[in-house]
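Student: The structure's right below; bear with me while I get my questions together.
Read the figures in this text as sums done on the coordinates, not as results from a lab. Since the model is a prediction, treat every value here as computed from it, not as a measurement. Glycine also receives a Cβ, built like all others from the backbone with ideal geometry; neighbour counts cover every protein chain displayed.
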Amino acid sequence: MHISNGIIDGPVAAIFAAFALAALAFCVLRGRADLDDRLAPMAGLVAAFIFAVQMLNFPIFTAGVSGHLLGGALAALLVGPWVGALCVAVVLVVQALVFGDGGVAMLGLNITNMAILGTAAAYLLIALLLRVLPRTPAGLAVTAFVSALVSVVVASQGFVLQYWLGGTTDLGGNLGGLAGTMAVAHLLIGIGEGLITATTVVTVAKVRPDLVYALRALKKPAVPAPAVPVAGGAR
Amino acid sequence: MSKRSWPFLLGGLLIALLLAGVVSNYASSHPDGLDSSLLKGCTVNADDEITGGSCPAQQAKDHELADSPLADYGVRGIGNDFLSTGLSGVLGVLLTFALGGGLFWLARRRNPATGGPATGGPATGGPATGGPATGGPASGGPATAGAAGGDSGTTVQPSGTR
């Protein structure tokens with residue numbers, strides 16, 4: 001979902017660059033509370049993993065169209081929303097500066113959509129769903145799938161907003177057409193994102209549940225669980 | 001904790017290297033959801049190049065760093081596509097891990113036990129203010145801080161001359 005140079009005009013790109021910079025600075029401030037000796041290397045791995053999976057464009061049901069993981073939901077689940085957004089931003093910076101993917105002048109727009117909006121939407125849903133759904137692998141899988149799918153659609157509409165503000169082609173008032181095309185395409189891409197995110201997070205939770213940030217941070221209201229059920233079970 | 005994490009990190013990194021280094025060659029080369037949305041109104045050929053019509057994608061300009069040695073996920077100078085894509089992916093994973101891991105390591109909280117100034121966040125607002133008070137004596141060196149009492153100047157000067 002990387003915007004190429006020339007698609008959004010300079011002033012709007014600059015505004016979003018400033019916004020992205022401020023948002024990332026805020027993420028650093030808040031994320032430091034989460035970043036300890038254990039989370040820091042894990043966050044590096046999450047960024048590297050997202051880079052790798054972003055290379056894997058998969059076909060969607062629409063002929064001739066592909067999609068790839070954005071990673072906001074995956075990062076938010078594994079290392080939390082603040083550090084997670086920073087992980088996706090690191091990937092986007094490497095892609096723009098080294099791999100010629102996503103214009104350097106468009107970096108603020110791309111960070112806003114994929115790192116900020118995508119991760120924020122994902123974590124809001126994660127925080128809600130993990131509290132509502134049963135704490136089972138299935139509950140975690142549904143949480144990951146739904147939050148990932150929605151985050152991709154939200155990120156795609158971030159681009160529509162940016163195009164409305166500074167798109168370089170006059171759509172002749174047909175912004176709704178672009179919004180619809182983007183939403184449908186990214187709903188389908190979101191299914192792929194959801195499957196990849198759910199598979200990855202459930203696998204990590206099976207191997208090392210202590211390394212899944214969302215499972216550590218979003219505990220259900222503490223219940224002295226062992227006492228009551230064990231006593232009842234014994235009788 | 002971190003000692004027990006390294007097998008997981010190594011395993012995860014190997015999977016990422018495998019995905020970027022090998023599986024990436026089987027990825028779809030069609031335009032993604034955003035690029036294809038911007039092609040609406042244009043006709044394209046089998047290589048997804050614009051052949052006619054009018055669409056937003058026609059405004060696209062070259063990337064600033066299109067001449068980068070790793071541009072477009074290939075290593076310049078390597079003719080074999082499979083090798084070129086795979087090697088660029090491996091380098092990208094290692095670079096992202098080094099850059100991301102390095103930055104996160106530098107930005108991390110140094111002393112999780114005492115909390116320190118970094119935990120000034122809202123969650124631990126109360127305890128954090130108590131942190132500096134107890135942190136002062138601890139970092140000041142226990143023996144001299146205790147003996148110095150009110151006058152800290154006398155303790156600083158001897159340590160400076162030595």
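Student: Enter the Cα centre distance for the pair the range A:155-170 and the range B:14-82, rounded to the nearest angstrom.
Tutor: With the range A:155-170 and the range B:14-82 each reduced to a Cα centre, they are spaced 21 Å.
Student: Here is a follow-up. For every other residue with a beta carbon closer than 13 angstrom to the beta carbon of A:F58, add +1 if it is Lys or Arg and -1 if Asp or Glu, then tell me the sum.
Tutor: That sum, taken over residues with Cβ under 13 Å, equals -2.
Student: Output the 0 to 90 degree angle, nearest 10, between the alpha-carbon long axis of helix A:10-31 and the longest principal axis computed from the alpha carbons of chain A.
Tutor: 20 degrees
Student: Now a separate question. I want the local charge near A:F99. Using Cβ-Cβ distances under 13 Å, sum +1 for each Lys or Arg and -1 for each Asp or Glu among the other residues.
Tutor: Details: positive: B:R76; negative: A:D101, B:E64, B:D67, B:D72.
Residues near A:F99 contribute -3 overall.
Student: Percent relative contact order of chain A, based on C-alpha pairs within less than 8 angstrom and at least six residues apart?
Tutor: Details: 350 pairs, mean separation 60.0, N = 235.
After rounding, I find 26 percent.
Student: According to a simple spin-label model (label point 7 Å from Cα along Cα-to-Cβ), what is the distance in nm between A:N174 and B:S68?
Tutor: Rounded to a tenth, the inter-label distance reads 3.4 nm.
Student: Starting from 0.36 nm per residue, how many nanometres of slack lie between A:L187 and A:A138 once their C-alpha separation is accounted for?
Tutor: Full extension of this stretch gives 15.5 nm more.
Student: What aspartates and glutamates does A:K219 reach when the alpha-carbon gap must be under 17 Å and sequence neighbours fewer than 8 apart in one chain are set aside?
Tutor: A:D34, A:D210
Student: Relative contact order for the range A:67-173: what percent, with Cα pairs under 8 Å and sequence separation of 6 or more?
Tutor: On the way: 117 pairs, mean separation 32.0, N = 107.
Averaging sequence separation for qualifying contacts and normalising by length gives 30 percent for the range A:67-173.
Student: Pop the C-beta distance of A:K206 and B:L18 into the FRET formula with R0 = 22 Å and round what comes out to the nearest 0.05.
Tutor: Numbers: r = 19 Å, r/R0 = 0.88.
Approximately 0.70, to the nearest 0.05.
Student: Shifting gears a bit: Please state the shape class of the range B:1-59: rounded when a/c is under 1.5, otherwise prolate if a/b exceeds b/c and oblate if not, all from the C-alpha gyration tensor.
Tutor: Prolate, because a/c is 1.5 or more and a/b exceeds b/c.
Student: Calculate the spin-label point distance for B:D47 paired with A:F26, positioning each point 7 Å from the Cα along the beta-carbon direction, and give it in nanometres.
Tutor: My value for the distance between the label points is 4.5 nm.
Student: While we're looking at this one, here's another question. Net charge near B:R110: determine it from the other residues with C-beta under 11 Å of the C-beta of B:R110, scoring Lys and Arg +1 and Asp and Glu -1. Don't skip to the end; give the middle numbers.
Tutor: Working: positive: A:R32, B:R108, B:R109; negative: A:D36, A:D37.
Neighbourhood net charge equals +1.
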